[in-house]
Amino acid sequence: MGKRLVSQARGRGGPRYRSPSHRFRGKPEHRPYDENEKIGMVFGTIKDLVHCPGHSAPLAAVEYETGERGYILAAEGLRVNQKIASGINAPIEIGNTLPLKSIPVGTDVYNIESAPGDQGKFVRTSGGVARVVGKIKDKIVLKLSSKKSRMFNPECRATIGIIAGSGRLEKPLLKAGKKYYAKKAKNKLFPVTSAGAMNATDHPFGSGRGGPTYGGKASSNAPRNAPAGRNVGLIRARRTGRKK
């Protein structure tokens, strides 16, 4: 009997691995995609720029003219008391949200919906940006932050601009304590011990025998249909054995 592996403990869902969402300000998302946006636009005012421990980018608290309140991911250049708009007729300005079919080619966007009305799924981290690079018959082509191109439904919405906080990774952490508290804010496991450095009773790769990386385990290939707690090692290796 060994101890439960990290991947197994995480799957159990205990408080050590559970997101502390009760400390988060809220979920940044677009307005509901209603008739007001489909035929016109809805104006809103930026009431405050806030920090949320659950997000790498600052959030902007918005109050819409309809009385709704919510949060959006703040764009670079957004300021308090600035007016923003959301809808098909909104102007092409930083902070405004429009359907992709209404956004010109070459415009920088973020918080892109994967399906119309899902509040935004793509490009949501600090400094993230995508660009509209083409329009075909019934699809809009965007170049994402990963440099990959992806096609979207023309009715999917996106916000104009670049997400704020792009310099977040430029300053090094320098100390392990700094990284500890950064991870603790989101309840991420830190520090992480490599499997090969563990004892044999703690991990299949432990003990130090059989090589520095994978320890004393005879094979480092997990079974193809293994459950999540057993998926340790080379997951679905392309080939095994010596080359002929």
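Laboratory data are not the source of any read-out in this text; all were calculated from the coordinates shown. Keep in mind the model is a prediction, meaning the values are calculated, not measured. Positions of Cβ are backbone-derived with ideal geometry, glycine not excepted, and every protein chain shown enters the neighbour counts.
How high is the relative contact order of segment 22-160, given as a whole-number percent (alpha carbon pairs under 8 Å, six or more residues apart)? Display every interim value, and only then the final one.
On the way: 327 pairs, mean separation 30.2, N = 139.
Here the relative contact order equals 22 percent.
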Next item on the list: Excluding residues fewer than 8 places away in the same chain, name every one of the aspartates and glutamates whose C-alpha is closer than 15 Å to that of Lys143.
Entry: Asp108, Glu113
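Any idea what the relative contact order of the chain is, in percent, if you count C-alpha pairs under 8 Å spaced at least 6 apart? Spell out each step's value before the answer.
Numbers: 489 pairs, mean separation 41.0, N = 244.
About 17 percent, as a whole number.
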Check: Which of the aspartates and glutamates could be linked to Lys27 by a straight reach, that is with a Cα gap under 12 Å, when you skip same-chain ones fewer than 8 residues away?
Finding: none
Next item on the list: Give the distance, in whole Å, between the Cα centre of segment 42-67 and the Cα centre of segment 157-203.
Entry: 25
Margin query: For a Förster distance of 45 Å, can you work out the FRET efficiency between the beta-carbons of Gln8 and Ile39, rounded to the nearest 0.05?
Written below: 0.30
Next item on the list: Quickly work out the Ala176-to-Thr201 label distance, labels modelled 7 Å from Cα along the C-beta direction, and quote it in nm with one decimal.
Entry: 2.3
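Given the DSSP H assignment, sum -39500 (n - 2.57) over each helix run of at least 4 residues in the chain and divide by its residue total; what's the result at 222 nm in deg cm²/dmol, nearest 500? Could the numbers behind the result be given before it?
Details: 3 runs with 22 residues, N = 244.
-2500 deg cm²/dmol, from helical runs alone.
Hey, any idea what Rg/Rh is for segment 80-168, computing Rh the Kirkwood way over Cα pairs?
Looking at segment 80-168, the ratio lands at 0.94.
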Next item on the list: Translational diffusion coefficient, Stokes-Einstein: compute it for segment 22-160 using the Kirkwood radius over C-alpha pairs as Rh, at 20 °C and 1.002 mPa s, and state it as an integer in µm² s⁻¹.
Entry: 144
Item checked: Selection from Gln82, Gln119, Pro172, by position along the positive dipole direction of the chain (Cβ) -> Pro172
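May I ask which of Lys148/Lys188; Lys101/Lys147; Lys3/Lys179 have a Cα-Cα span longer than 24 Å here?
Working: Lys148/Lys188 28 Å; Lys101/Lys147 21 Å; Lys3/Lys179 26 Å.
Flagged as over cut-off: Lys148/Lys188; Lys3/Lys179.
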Item checked: Inter-label distance for Lys27 and Lys83, nm, one decimal - labels placed 7 Å from Cα along Cα-to-Cβ -> 3.1
Notebook entry, point to check: Among [x] 56; [y] 43; [z] 59, which is the computed percent of Cα pairs over 24 Å apart?
Noted result: [z]
